[in-house]
């Protein structure tokens, strides 16, 4: 084999390798169950696996994220609207300091007429784990199907069609 042909083959192998590596995690993530474990705002243990059989909206957010805070009323309203459906919402605070998240929740408790019962966790809590990967931008939203697998992911502002995607899975 001449040096030029060997060089082209080496380049082709290098160019093909990242595509193969990039596809492998997506395939394995789709074939494995989503995991999320931790302690809720009210101190109870939480395991995403206990919600199998329901469609679950997992939202990673932060009190420092204006888009996240802007979407909270919509999230809470839709949660109320689907209260009698096999649906659950889980909020995971990505705040650096737990005090920031707790202060925000205290303000909400004083201004909202009705407490909502969806699980809320802080990602910085000891024992917190998830298999949903790095959240480079917030909000990061994962729609988990009834089988416990990630069906759809939205990074950044949650689009209106996300609610249609949830409805289709119900």
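Numbers for the structure displayed
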read-out	value
Calculated FRET value between residue 160 and residue 102, using beta carbons and R₀ = 45 Å, to 0.05	0.90
Region 32-169: radius of gyration and largest Cα-Cα distance (Dmax), Å	13.9, 40
143, 155 arranged by Cβ crowding within 10 Å, fewest neighbours leading	155, 143
Exposure proxy order (Cβ contacts within 10 Å, fewest to most) of 132, 51, 33, 57	33, 132, 51, 57
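Computed from the coordinates by the stated procedures, all read-outs in this text should not be read as laboratory data. This structure is a prediction, so every number in the text was calculated from the model and none was measured. Methodologically, a virtual Cβ is constructed for each residue, glycine included, from the backbone with ideal geometry; neighbour enumeration extends over all protein chains shown.
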